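Below you'll find the structure, written out as structure tokens, and then a few comments.
Readers should treat all values here as calculations from the given coordinates under stated rules, not as data from a laboratory. This structure is a prediction, so every number in the text was calculated from the model and none was measured. We place every Cβ from the backbone using ideal geometry, glycine too, and count neighbours over all the protein chains shown.
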Amino acid sequence: MSAQADAARQASAWLIQGGRPLGADPADILIADGMIVEVTRAGPADPARTSAGRRRQARTVDADGLVILPGLVDLHTHLREPGREDAETVASGTAAAALGGYTAVHAMANTDPVADTAGVVEQVWRLGREAGYCDVLPVGAVTAGLAGAQLAELGAMADSAARVRVFSDDGRCVSDATLMRRALEYVKAFDGVIAQHAQEPRLTEGAQVNEGKISARLGLAGWPAVAEEAIIARDCLLAAHVGSALHVCHVSTAGSVEIIRSAKAKGWRVTAEVTPHHLLLTEDLAVGYDPVYKVNPPLRTAADVAALRAALADGTIDCVATDHAPHPVEAKETEWAAAAFGMTGLETALRVVHAAMVETGLLDWAAVADRMSARPAAIGRLTFPAAAAGGGGGGGSGPADGRHGCPLAPGSPANLVLYDPAAGEAVDPDTHASRSKNTPFAGMKLPGRVVATFLRGSPTVLDGRLVR
């Protein structure tokens, strides 16, 4: 950030001038005291306007040609802290999130120690507040130690300062049907959500890549689609049986889409996410044995990618979630079988969605805002007023604190991102804030660039050349 932009961070009022909210006609957005105060058609200020004084005092951002979106919300981020600070910290991970346009991320529980107690989730939450780049909402473990043997302290985590509402053993499947039922029943008391990593362990033992022609050609153990689909089908039935909320993590197959579509048609409380890499990349990339493409669930076929895109477009899949999974160099730059599963994604997610969904005509910018902000915020229970949200993180107080996914309208918290759709360059992991560089998009030219991110009216990312 330039010295000019760094000094401007202290401004209490901002006028974002001439940008295109949700890709529509140009407008001016006035921000003061962490809130959106006014949205008006772009043009000369009316001196009789009640906000004229605030407009004169505000720092101006020239947003001509930029798309303005509500701050992005990620339901699936691995920040690694505590325990794996060699791969990522809350500070580095949330700095990466801000560079990608995110104002809130949900931090997964597979840390060391596991986030399965009130103490650990509060530690992660407070680290997010101290870093200040975006709000950090800890995801609590479903089972103690992710061991799949007994439920974790779900109620204590829900009642903690972190106010946990999403629980997941992500990285491992809650494969015991009785435990899964009990978890779904338990979280009903506080409107919680169980986010399932759908992977039948007995069908994926030793699995390395998608099961099919590529796995046979490479001589690597195959990962069958049915291992994902069987768990999703079971859990949809369990959620319907107990009347609870199920969220399906990183959907990757066409068959999974059909199961989720059927569950939604029946009115069951089921939501789902897809990752950016599953929207753009296919199993064919594994042919070179480059472990940067090793991920859980694995990259699938072109037909699966097409089904996922269509499902995101029609709303069967509710949202995009990064599954940002940073790893140190030694964990990825090794032989395929020994390499860790996972890819980074926070800093490239919006650009990938632009390429896979907007440039193909499947989504417009309003729909991108819905899938990357409004819906994930609702699933993560971030649309509540501050009093219900228990603070929300990142400092500040009042009605703006803790809410995300809100419309770009007066009275909403000033969480927003300015995006230049006309930009585009090759992805360079050396420019990323993440402590790890295992992006599958390195060297790939992607469209667009995030030029500013505002969290409750304060810029966490800002191209100083735009400030007037």
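Among beta bridges from DSSP that stay inside the chain, the antiparallel ones total about 50%.
Running Debye on the chain with equal point scatterers at the Cα sites and no solvent, what base-10 log of I(q)/I(0) appears at q = 0.08, 0.11, 0.12 Å⁻¹? Each listed q corresponds, in turn, to -0.43, -0.83, -0.99.
For Gly424, the residues whose amide H sits under 5 Å from its own are Gly448, ignoring neighbours fewer than 5 places away on the same chain, with H placed 1.01 Å from N. Estimated from helices alone, the mean residue ellipticity of the chain at 222 nm is -7500 deg cm²/dmol (sum of -39500 (n - 2.57) over DSSP H runs with n ≥ 4, per residue).
In region 275-349, which GluC sites (Glu not before Pro) fall in coil by DSSP and have 15 or fewer other Cβ atoms within 10 Å?
Counting only loop positions with at most 15 other Cβ atoms within 10 Å, the GluC sites (Glu not before Pro) in region 275-349 are Glu333, Glu335.
With a simple spin-label model that places each label point 7 Å from the Cα along the Cα-to-Cβ direction, the separation between Arg261 and Phe190 comes to 3.7 nm.
More than 19 Å apart: what percent of Cα pairs in region 75-153 qualify? Percentage above 19 Å: 29. Under the combined filter of DSSP loop state and at most 11 neighbouring Cβ atoms within 10 Å, region 140-225 retains these GluC sites (Glu not before Pro): Glu205.
How long are the semi-axes of the equivalent ellipsoid of region 216-288, defined as square roots of 5 times the Cα gyration tensor eigenvalues? Whole Å, largest first. Could the numbers behind the result be given before it?
Values: eigenvalues 159, 34, 15 Å².
For region 216-288, the ellipsoid semi-axes come out as 28, 13, 9 Å.
Compactness check for region 176-274: Cα Rg over 2.2 N^0.38 Å is 1.16.
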